[in-house]
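The values are calculated or read from the model by the stated rules, or taken from the named source; none is laboratory data. Since the model is a prediction, treat every value here as computed from it, not as a measurement. We place every Cβ from the backbone using ideal geometry, glycine too, and count neighbours over all the protein chains shown. Please note that ligands, DNA and RNA were not included when accessible areas were found on the heavy atoms of the full protein model with its side chains. Shrake-Rupley method; radii C 1.70, N 1.55, O 1.52, S 1.80 Å.
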Amino acid sequence: MVAMVDIKMGDCWSHTKDQFDNLEKHTQWGIEFVERYNKFVKDRTEIEISYAKQLRNLSKKYQPKKNSREEEEQRYTSCQAFLAILNEMNDYAGQHEVIAENMSGLIFAELSRYIQELKQERKSHFQEGRRAQQHIESCWKQLENSKRRFERDCKEAERAQQHFEKMDNDLNVTKADVEKARQQAHTRHQMASDSKNEYSSVLQNFNKEQHEHYFTNIPNIFQKIQDLDERRIVKVGESMKTFSDVDRQVIPIIGKCLDGITKAAESIDEKHDTQLVIEAFKSGFEQPGDVEFEDFSQPMKRTVSESSLSNSRSDGKQESKGGKSKGKLWPFIKKNKGSGPEDFSNLPPEQRRKKLQQKIDEINKEIQKESDQKDGLIKMKDAYIKNPQLGRPETVDPRLAEIEQTIEKLRQESQKFEAWLAEVEGRLPVRTDQPKRSSEMPELQSTVVNNCAQDRESPDGSYTEEQNQDPELKVAAQCEFDDEFDDEDVLAAIGTCKAMYPFEGQNEGTIAMAEGETLSVIEEDKGDGWTRVRRNDDEEGYVPTSYVEVYLDRNTKGAMTYI
């Protein structure tokens, strides 16, 4: 019976140990699977980040450069559409960054935390299982020891009883020896009885512990391990669903980006673009008239066509017939690549007007810039007068005088170009003493004002040449075109500044600021003590450099601070 119990106990323990080993291997595999899936999410996140970065770099690479021909080309609808596509691609890249951010936060970080909790819980359950297994094994060893002790005591009692009976039947043994053998047999029987009682008690306790172990403790531990593994499976499923939801959430925005690209493509207007080309390159010349028939059969009455090339190569005299200005052959003559005169008189009327207006705008911007610097210096001088600790007022005077001279020169230059522009537009009468326009242009004859006016511009707006000009130079000069126009953009921010002190900015050209306010810097201090700033992209002016902390962007070289 004992042997049967031994066999059954051994089988149960071996079976339980095998189950723990199998469960331990399976749960370890489950954790490794979660880690593998989490690594997949991390790799996907890195791909999204890299893809977004490449898209942003691609968009930046094809953005038009400041103050370049590419920026000038943005007036065409096709170029505007391409710029819109680049901006949409930039937004498209932003959505892939959102995917990467959500996957990193909602899946990778969450699973990483959950894996640590899973490992800790799994370790706790298997430790509990090992303790239960060790406890039942300890109870079994105690039962085995009690059983062996009972068996040994029974054998000792049986041998003592046999020895007593042998001594009692032996006539040669004294009564004292018989009594001693009887007492020893009684003691052994008593020890066997005690061992029996102890064995019975230990056996009863073991059966109770064994029943609790196999029907309560072990099932509870297995149930906990099962719950842990089921939660792991559910967690992986939820993460996979989140993996899909993260992509699905940005699909509407990506769709808007694609709709923007389609809208940009549909906004291309070929008529508008070609009209811009016409406006940019139209000359204002009158189309040449019909070539008249030259009758060589009557030598004495031979006439020469006013529009013939031979007439343009004659003595340089221009003839007018019936008040009609002579037609030009300017579209067919090779362009002169040399530098033109200062008043752009070598250009067709429309091109000349545009070029003169552009030059006037550039000069006016320079005047405004110098005036702003002058105002800044005056404010700085006033500040030095009120607070000598900031600097000496007389140090500003040389720079002020220099700026005054520069402004005066620019104003004279502007007046000169405005006079030429007025002449082209017919707003002013032509001066009788026309100055020399270029080293290539001879001085005009100052005869009658009306004749001079006809030399430069005909009544109907067509362009004509000056009298007494070399025919070869006329042909080369009249067809030199300059189609390059540089548009100046609003100054971009080059950094930021923070106000250390309040400034009222009551003078013209300055801007008020409150202490601690942050503004955009659009122009550095040029040595006059003033920094040009902007607020909210619509209000700009100068503030004292000593009143602010300036942080300039210098190609990642760090912040440059003026205090």
**Study point:** Using θ = phi - 60° and Karplus 6.51 cos²θ - 1.76 cosθ + 1.60, couplings along region 254-265 (whole Hz; Gly, Pro as x)
**Key:** 4, x, 5, 4, 5, 5, x, 5, 5, 4, 5, 5
Check your understanding: Amide H to amide H under 5 Å from Gly495: which residues, 5+ apart in sequence or cross-chain, H placed 1.01 Å off N in plane?
Key -> Val521, Asp553
Study note, to complete from the structure: Simple spin-label estimate for Gln127/Lys39, 7 Å along Cα→Cβ, in nm, reads 2.7 nm
Exercise for review: List the residues of region 86-101 whose backbone N lies under 15 Å from a point placed 7 Å from the Cα of Gln63 along the Cα-to-Cβ direction.
Suggested key: 86-94
Revision key, fill the gap. Reduced to Cα centres, the span from region 375-401 to region 163-222 in Å works out to 118 Å
Practice item. Sort region 119-231 into rounded, prolate or oblate with this rule: let a ≥ b ≥ c be the square roots of the eigenvalues of the Cα gyration tensor; rounded if a/c is under 1.5, and if a/c is not under 1.5, prolate when a/b is larger than b/c, oblate otherwise. Key: prolate
Point to revise | Selection of trypsin sites (Lys or Arg not before Pro), region 44-102, meeting DSSP coil and at most 14 other Cβ within 10 Å | key: Lys65, Lys66
Practice item. Can you tell me how much longer the chain between Gln142 and Asp247 gets when fully stretched, taken as 0.36 nm per residue apart minus their C-alpha distance, in nm with one decimal? Key: 31.5 nm
Point to revise | Stretch gain in nm, segment Gln415-Lys208, where the contour uses 0.36 nm per residue and the Cα spacing is subtracted | key: 62.9 nm
Review point. Counting only protein chains, not ligands or nucleic acids, how are Lys235, Lys180 ordered by accessible area (probe 1.4 Å), most first?
Key: Lys180, Lys235
Exercise for review: Highest first, please rank the peptides 101-109, 199-207 by the mean number of other Cβ atoms sitting within 10 Å of their residues.
Suggested key: 101-109, 199-207
Study note, to complete from the structure: Karplus-derived 3J(HN,Hα) from phi for region 146-161 (6.51 cos²θ - 1.76 cosθ + 1.60, θ = phi - 60°), whole Hz, x at Gly and Pro, runs 5, 5, 5, 5, 5, 5, 5, 5, 5, 5, 5, 5, 5, 5, 5, 5
